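To keep things clear, I will list the structure first and then write my remarks on it.
The values are calculated or read from the model by the stated rules, or taken from the named source; none is laboratory data. Everything numeric here is computed off the predicted structure, so don't read it as measured data. Note that each Cβ is placed from the backbone with ideal geometry, even for glycine, and that neighbours are counted across all protein chains shown.
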Amino acid sequence: MGISTTYNTEQELVLALKRRDNQAFSTLYDNYAGALYSIIKQIITDNAELAGDVLQEVFINIYRKIDTYDQTKGRLFTWMLNIARNASIDTLRSKSYQNSQKNQELPDNVYKGTANQSVQLNVDNIGLKKVLEKLKPEHRVLVELAYFKGFTHEEIAEMMSIPLGTVKTRIRNALLQLREYLQ
Amino acid sequence: MNIKEYIASGIIEAYVLGLASQPERAEFEQLCTQYPELVAARREFEEELEKHASEQAMQPPVGVKVKVLEAITGAPQDAPAPVSSNPPKIITMQNEKRGSSGLLRFVAAASVILLVVLTWFTYQSYKQNKDLENSNVALNEKLNSTQKILDAIVNETNVLKNPNTTVVNMVGTKVAPRSSANVYWDSTNNNVFLVVKNMPQLPSDKQYQLWALIDGKPTDLGVFDSKSDKVILKMKDTKKAQAFAITIEKQGGSPSPTLDSMQSLGKTLQSQ
């Protein structure tokens with residue numbers, strides 16, 4: 001995704017954003033809204049209207065929090081991707097969303113040992129989730145729960161009845177494999 | 001620390017994807033300040049991730065950009081505090097929108113039903129009014145005709161009851177022995193009435209004609225049919241008459257009677 005010709009480097013774009021330049025913000029939206037909407041849709045899989053609301057919230061938050069963005073810690077897209085992922089997971093866990101999804105509560109299914117099935121059903125053919133399909137099932141479940149459902153390693157260890165260290169190791173290995181598939 | 005092992009451990013991916021714990025993040029950021037190769041490795045993965053994500057980009061819903069730009073254009077520049085309360089505000093507005101559109105839908109549906117019901121009632125009322133009007137007209141017509149008939153009957157009865165009325169009994173002639181009729185002659189106002197008792201049916205081109213015989217000369221008193229819906233026929237007036245006679249004449253009557261077809265004859269007191 002190339003940044004518009006108006007901004008030759010990410011550095012320039014970030015500086016314009018920090019000046020609250022609305023034109024810079026419009027360019028940012030044009031360049032990144034599609035990629036961020038994709039990740040939101042991979043987390044909120046069943047409600048396009050809600051996903052659109054989250055995208056709106058994400059860009060408003062990007063505008064408001066741009067001063068907290070620290071370039072030494074990562075690229076602008078990485079920062080925005082994490083805002084989008086966190087907002088999506090927050091929405092997923094919100095009471096109103098939970099009430100509309102009572103029949104699909106994941107932890108119950110996981111405890112009953114049907115996690116694999118449940119996760120497979122939730123996999124869409126887009127983005128990272130598409131790559132996720134190439135992983136071994138026991139790895140795929142962990143990435144699904146950690147990245148797309150937002151559970152902590154501790155929660156996953158408890159859910160799956162496996163040691164915390166194993167969860168961490170498997171997730172790291174799964175991520176390394178994912179990265180290979182990305183290339 | 002073996003930085004190569006650290007780089008290959010998956011910590012970079014976990015950190016970039018937001019799956020590292022807080023202590024892991026702190027350690028990673030600390031090490032980044034010491035090892036440029038770690039920063040380069042991180043950057044490499046970030047670029048891969050960004051490239052993949054932009055390849056997988058999806059068309060966002062239309063209208064989101066406009067809403068975002070509206071929100072930020074109106075947003076205060078140096079006030080982070082009210083800022084964070086705005087996204088929930090947007091959600092609340094949408095809830096309200098849903099609620100009011102539900103109410104609107106209900107009101108719209110109720111209006112349509114009410115309109116249909118009112119239209120039906122109006123039509124029924126119109127129809128009923130029209131029916132009543134029609135039957136009222138019919139009743140009035142019937143009443144009028146009944147009144148006329150009644151008036152006629154009363155008038156006729158008055159004639160018959162009038163003491164000044166002379167009753168002349170007409171009897172059949174040799175030509176028509178069964179023919180009979182009565183003439184009621186009011187000498188005070190010269191009115192002549194005829195009551196047909198029995199007169200044979202005539203061909204359609206013929207009519208009976210009533211004559212008054214005054215000093216031997218027949219005077220036309222009008223024509224009539226053998227059958228009439230009236231009980232009493234009003235004929236032409238005459239001041240004098242020694243006798244009344246009925247002949248069969250052509251339709252509409254003749255200026256002078258065809259005496260050989262005389263059907264009945266009745267003499268008045270004046271002839272005596």
*Select, from A:Ile39, A:Ile126, the only residue that is at pLDDT 90 or above and β-branched (Val, Ile, Thr).*
A:Ile39
*Mind checking which residues of region B:155-196 are assigned to a loop (DSSP other than H, G, I, E, B) and touching a Gly at 6+ places or on another chain (Cβ under 9 Å)?*
B:Arg178, B:Ser179
*asked:* Whether any residue in region B:167-180 is under 15 Å from B:Ser264 (Cα atoms), of a type outside the set (Phe, Trp, Tyr) and out of contact with any strand residue (DSSP E or B) (no Cβ under 8 Å at 6 or more places or on another chain) is what I want to check.
replied: yes
_Quick check on my filter: what residues within region A:36-51 are surrounded by fewer than 20 Cβ atoms within 10 Å (Cβ to Cβ) and part of a helix (DSSP H, G or I)?_
A:Ala48, A:Glu49
*Is there any pair with a first residue in region B:23-42 that is in contact (Cβ under 8 Å) with a residue 40 or more places away in the chain and within 19 Å of A:Lys168 (Cβ to Cβ) and a second that is of a type in the set (Ser, Thr, Tyr) and part of a helix (DSSP H, G or I) whose Cβ atoms are under 7 Å apart and which are 6 or more apart or on different chains, and what are they?*
none
*Restrict the check to region A:12-19 and report whether at least one residue is in contact (Cβ under 8 Å) with a residue 12 or more places away in the chain, in contact with a Pro (Cβ under 6 Å, 6 or more places away or on another chain) and in a helix (DSSP H, G or I).*
no
*Being modelled with pLDDT of 90 or more and among the hydroxyl-bearing types (Ser, Thr, Tyr) is the filter; apply it to region A:1-35 and report the residue that is surrounded by the fewest Cβ atoms within 10 Å (Cβ to Cβ).*
A:Ser26
*Would you check which residues across region B:13-27 are more than 18 Å from A:Leu76 (Cα to Cα) and of a type outside the set (Gly, Ala, Ser) and list them?*
B:Gln22, B:Pro23, B:Glu24, B:Glu27
*Do you know which of the residues in region B:15-59 that are in a loop (DSSP other than H, G, I, E, B) and facing chain A (nearest Cβ under 8 Å) is surrounded by the most Cβ atoms within 10 Å (Cβ to Cβ)?*
B:Leu19
*If we scan region B:198-212, do we find a residue that is modelled with pLDDT under 85 and closer than 26 Å to B:Val154 by Cβ?*
yes
*Among the residues of region B:215-237, count how many are of a type outside the set (D, E, K, R), farther than 20 Å from B:Leu160 by Cα and at pLDDT below 85.*
2
*Might you let me know whether region A:31-43 holds any residue that is without any contact (Cβ under 8 Å) to a residue 12 or more places away in the chain and over 22 Å from B:Arg25 (Cα atoms)?*
yes
*For region A:46-54, indicate whether the set of residues that are at the interface with another protein chain (Cβ under 7 Å from one of its Cβ atoms) and under 21 Å from B:Leu17 (Cβ atoms) is non-empty.*
no
*Residues that are farther than 17 Å from B:Glu13 by Cα and in a helix (DSSP H, G or I), drawn from region A:147-164*: A:Glu154, A:Glu155, A:Ile156, A:Ala157, A:Glu158, A:Met159, A:Met160, A:Leu164
_Can you pull out every residue in region B:238-266 that is touching a helix residue (DSSP H, G or I) at 6+ places or on another chain (Cβ under 9 Å) and charged (D, E, K, R)?_
B:Lys240, B:Glu249
*Evaluation of A:Leu142 against (1) within 18 Å of B:Glu48 (Cα to Cα); (2) under 15 Å from the mean Cα position of the chain (by Cα); (3) of a type outside the set (Asp, Glu) (one fails), failing number*: (1)
*Test B:Met93 against the criterion of being within 9 Å of chain A (Cβ to nearest Cβ) and at pLDDT below 95, and give yes or no.*
no
